[in-house]
């Protein structure tokens, strides 16, 4: 996300981002974002070699052929391999062509570059060391790529075992600007969406609680403070839920929290979520992993009161089919890469475009869909922009 607009050749951030969000996208953030993208590309190059895909692409190979030649497990490896090959091709490190069936062929042309990820890590330390957890997560994923793609270990074991927990705690933190921006954008969108003096909030997939922290801080400091009548905080991981409860109750003792374990892929009512009981449903980087997005949206609609608001802070894909560096980590997870697909608005696992989110919500009982900030207006100038909140009203 270069500071200079690719459309005008100027710094157009002040014209394209809401004033309240502009400080989030300051020079240090932009430079850190770009450095992290470069770091991930270099880690992807290392994984290309460590998984055997380098040998597989000495001759023309489709994704499936590369997976077979490298002796990887197709059901696990196809999506990550596609991302790896496309990312390296976008960098000019692989050549592409097409076969008679129109499938993309990948092949090593010139010798692969020798690039040290550590060089980028050292640069990040000088720009803003608070962003280092994002690098540590990428390094954790890179370490386990060969074993996961060969079916020797599940991604859940590799990424969320004891060794990874501390890394995730630091990553999902408001102290990490590269993640905290999602919490802040989501909190800002909630403030815009609420039109009453009080709110009954249902948060889905609350993780370690950093999204709730940012939201409550904004609501409490707003020119017209919003009173939270109830805050139902849900999370599927008992470990994350316990930690979030401990932190949130300590930092917001007056907030009427209710903490419970919940799976967004199961009926909400069976998990204690009363129909029509909430004026706001909120989630940060969670709904893109719903297995059946239509079913989960139906549950969210049912949990909302009439004209209740849904706010989803998501990593939004700027352009259809374009790889995003954050996918390097999450492509390892089956819940991310293998959802139920729907023609028109759920064409792939993981992240969706602004248009796909709008179509999904409108097809499943929501109206007045807005994207904050307006990625469609920003992405031509800043093609890497991927942080946004989707706001919609229950019909």
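Just so you know, all these numbers are worked out from the coordinates, no wet-lab data involved. Everything quoted here is computed from the prediction, not taken from an experiment. Note that each Cβ is placed from the backbone with ideal geometry, even for glycine, and that neighbours are counted across all protein chains shown.
So here's what we get for this one:
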quantity	calculated
Taking 166, 63 and counting other C-beta atoms within 10 Å, the order from fewest to most	166, 63
Degrees separating the helix 74-90 axis from the principal Cα axis of the chain, which is the longest one	80 degrees
Per-peptide average of other Cβ atoms within 10 Å, ordering 113-125, 42-54 highest first	42-54, 113-125
Relative contact order of the chain, pairs being alpha-carbon contacts under 8 Å that are 6 or more residues apart, as %	16 percent
Compactness index (Cα Rg / 2.2 N^0.38 Å), the chain	0.99
Residue order, fewest to most beta carbons within 10 Å, for 249, 289	249, 289
Angle between the chain longest axis and helix 177-193 axis [Cα atoms, degrees, rounded to 10]	40 degrees
Beta bridge orientation in the chain: antiparallel %, DSSP, nearest 5	45 percent
Whole-number percent relative contact order across region 161-257, with pairs defined as alpha carbons under 8 Å at least 6 apart	27 percent
Cα centroid of region 352-395 to Cα centroid of region 1-25, whole Å	19 Å
Shape of region 23-171, Cα gyration tensor, a/c cut at 1.5	oblate
Relative packing of 205-217, 152-164, which averages over residues the other C-beta atoms within 10 Å, highest first	205-217, 152-164
Highest-first arrangement of 67-80, 348-361, where packing means the average Cβ count within 10 Å	348-361, 67-80
Whether region 177-394 is rounded, prolate or oblate, judged on the alpha carbon gyration tensor where a/c under 1.5 counts as rounded	rounded
Rel. contact order, % - alpha carbon contacts under 8 angstrom, at least six apart, region 38-133	28 percent
On Cα atoms only, tilt of 238-251 relative to the major axis of the chain in degrees	50 degrees
Inter-label distance for residue 58 and residue 376, nm, one decimal - labels placed 7 Å from Cα along Cα-to-Cβ	4.9 nm
